[in-house]
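The values are calculated or read from the model by the stated rules, or taken from the named source; none is laboratory data. This is a predicted model, so every value here is computed, not measured. No Cβ is skipped: glycine too gets one built from the backbone with ideal geometry, and neighbour counts run over all protein chains shown. Just the protein is used for accessible areas: all its heavy atoms, side chains included, with ligands, DNA and RNA removed. Shrake-Rupley method; radii C 1.70, N 1.55, O 1.52, S 1.80 Å.
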Amino acid sequence: MAEAAAPERQMKRALGPFALTCIGIGAIIGTGIFALAGTAAAGEQLAASIWKTPILNFIQSWMSHAPLVFGRPGAGPAVMLSFVVAGVACGFAALCYAELASMIPVSGSAYTYSYATLGELIAWIIGWDLILEYAVGNMAVAVGWSGYFIRLCGSAHIPWLFPDGIKFPVWSVNDYATAKTIVSQGGEALANYSSATIPTIAGYPIALNLPALLIVAAVTVLLIYGIRESARTNSTIVVIKVSVVVFVIAFGAFLVHPTNWTPFVPTGIGGVMSGAAIVFFAFIGFDAVSTTAEETKNPQRDMPIGIIASLIICTIL
């Protein structure tokens, strides 16, 4: 804490409880809540490989002496319980983060807490874990955003300029594996693309998700520019995102048919827990609030508010 308070290292303390709560909501509400709920409810069929099979399946097979099931059972209507289970688990973690963030108001999140309490080796391991966590999370959100952006451009019909919408070559908006799959499917799958050709350079096929790359670069530039500007931009985006979620809830409430909730737990507790493991990804992000501890005006008071309030709001939504 003394090192962080040194004049040459000190950061601007510009964030209050509202900005911190918005940072938490902005990190939590994303691809997880918009896309993973369906996957958790329907389940996933995976190839017959032990490397792709959830550990929970091995435990269930061992305890019940039933054949090993490859893939994840769907939670069905009980996906709402999956969200509750994941939310409770994250709630306990959030209380720990809030305590540590107010006790050690230094940027670095779990890396800093591990360094201060368990030493350099554990902190080094946790640091790599955090890099992997944020890398996977950012990739999923960037690719998800790219997919929505491509759909939006495809539906932007401008008669005098783009009568069929704005379309891109398949190789410029997908990774190679996805682009190859789309090209092999043909037909309707290629309707949103202007070209189905994947170019090669020196015999190697070239494909990249350019919109995902550009949005990550744009956000990075904004973060480097300053925390105050980043927080304002994030708060604006959060208001829009929450409005979208509330809009969906308000109109979707009239389309709910309780008769579809039978059976409520079609695959038993295993399906509920499997769904919780999937939707847990939707909650990853509340710990991002703790990384702004050095930029918070009153970290002892504001950090717990930001972490816990953002988790409660997102769980309710």
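Taking segment 68-108 as the search range and keeping residues that are in contact with a Phe, Trp or Tyr (Cβ under 8 Å, 6 or more places away or on another chain) and outside any helix (DSSP H, G or I), which one is surrounded by the fewest Cβ atoms within 10 Å (Cβ to Cβ)?
It comes out as Leu68.
Working carefully through the options Ile278, Ile312, Ile307, find the one that is part of a helix (DSSP H, G or I) and surrounded by fewer than 20 Cβ atoms within 10 Å (Cβ to Cβ).
The match here is Ile312.
Note down all Cβ pairs under 8 Å where the first residue falls in segment 171-184 and is within 18 Å of Arg151 (Cβ to Cβ), the second is of a type in the set (Phe, Trp, Tyr) and buried (at least 16 other Cβ atoms within 10 Å of the Cβ), and they're at least six residues apart or on different chains.
Hits for this filter: Val173/Tyr193; Ala179/Trp171; Ile182/Tyr193.
Counting only residues that are surrounded by 17 or more Cβ atoms within 10 Å (Cβ to Cβ) and either hydrophobic (A, V, I, L, M, F, W, C) or touching a Cys at 6+ places or on another chain (Cβ under 6 Å) (or both), which one in segment 109-129 is nearest to Ile307 (Cα to Cα)?
Here the residue is Ala110.
Kindly provide the set of residues from segment 290-304 that are buried (at least 20 other Cβ atoms within 10 Å of the Cβ) and over 12 Å from Leu100 (Cα atoms), ordered by number.
Thr292, Glu294, Glu295, Thr296, Asp302
List every residue pair whose Cβ atoms sit under 7 Å apart, with the two residues 6 or more apart in sequence or on different chains, where the first one lies in segment 250-270 and is at positive phi and the second, anywhere, is among the aromatic types (Phe, Trp, Tyr).
From residues that are at positive phi, there are no pairs.
Right, Thr259: within 18 Å of the chain's Cα centre (by Cα), open to solvent by 50 Å² or more (accessible area, probe 1.4 Å) and over 30 Å from Ile55 (Cβ atoms) or not?
It is false that Thr259 is within 18 Å of the chain's Cα centre (by Cα), open to solvent by 50 Å² or more (accessible area, probe 1.4 Å) and over 30 Å from Ile55 (Cβ atoms).
Only one residue in Ala123, Ala116, Ala142 is part of a helix (DSSP H, G or I), more than 19 Å from Ala27 (Cβ to Cβ), in contact (Cβ under 8 Å) with a residue 12 or more places away in the chain and out of contact with any Phe, Trp or Tyr (no Cβ under 7 Å at 6 or more places or on another chain). Which one?
Ala116
Among the numbered conditions (1) surrounded by 13 or more Cβ atoms within 10 Å (Cβ to Cβ); (2) modelled with pLDDT of 85 or more, tell me where Val246 comes up short.
Going through (1) surrounded by 13 or more Cβ atoms within 10 Å (Cβ to Cβ); (2) modelled with pLDDT of 85 or more one by one, Val246 breaks only (1).
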